[in-house]
Amino acid sequence: MWSRKRVSSLVVVLTLAAGAVVAGSGLVGAQHAQHMQAKQHGAHMHGNEAAMPTMPGQDIFGAIQEIVQILEADPATDWSKVTIAALREHLIDMNEVALRAVATERPIRNGVEIVVTGEGRTGEAIKHMVPAHTKELGGIGWNATTEELANGVKLVVTSADATQVTKLRALGFMGIMVQGRHHQPHHLMMAKGEGHGH
């Protein structure tokens, strides 16, 4: 038979052992929770990195950023000739023509006549860009001429091909201005100081 004293001692031992088990379980649980939280935080951070934005937020900024990255990656870049400021002015011209110029289009025999006008900086940009683009249009096989106006340019583009005439009229001013693949290489040349642009 167990004495009352021995029973009491056994109860105390069992109570202490049970407390140690509970405490140990709590410690393991806390450590597991901390591990899972750290793992989730790491995944969250990794997810943020994977979802980082790639667009620079503004088209001219992005175009210049791309050119600078190309120049920096090329060990042959002669930084004494690089003129990013000239490229910026050209891109501003492009922006003015694309967003602020007023283009009045009129079908004519074998093509289209477009009067492109604007005030201030826009008018200057039109005079820089539109006449210079006629060479590119000639390379496509169209006949393009310009006439300078007080606040802009009159552009006439024609073709002997009836299908091309339909296309010209459908393209309109901006569709005609984006013809050719010279813009991107031209921007790089300009930034390198190897050419002046429209």
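Restricting attention to the range 78-99, the residues being in contact with a helix residue (DSSP H, G or I) (Cβ under 9 Å, 6 or more places away or on another chain), touching a residue at least 24 places away in the same chain (Cβ under 8 Å) and either exposed (fewer than 13 other Cβ atoms within 10 Å of the Cβ) or β-branched (Val, Ile, Thr) (or both) number 5.
Here the range 171-198 is the region considered, the condition is being among the hydrophobic types (A, V, I, L, M, F, W, C) and more than 18 Å from His128 (Cα to Cα), and the residue that is modelled with the lowest pLDDT is Leu188. Scanning the range 134-154 for residues that are in contact (Cβ under 8 Å) with a residue 24 or more places away in the chain and either charged (D, E, K, R) or not assigned by TED's automatic domain parsing to the domain that holds Val102 (or both) turns up Glu136, Lys154.
When the range 106-122 is limited to residues that are more than 18 Å from Arg169 (Cβ to Cβ) and crowded, with 20+ Cβ neighbours inside 10 Å, the one that is nearest to the chain's Cα centre (by Cα) turns out to be Thr122.
The values are calculated or read from the model by the stated rules, or taken from the named source; none is laboratory data. Every value quoted in this text rests on a predicted model; they were computed, and no experiment measured them. A quick note on method: Cβ atoms are made from the backbone with ideal geometry, for glycine too, and the neighbour counts reach across all protein chains shown.
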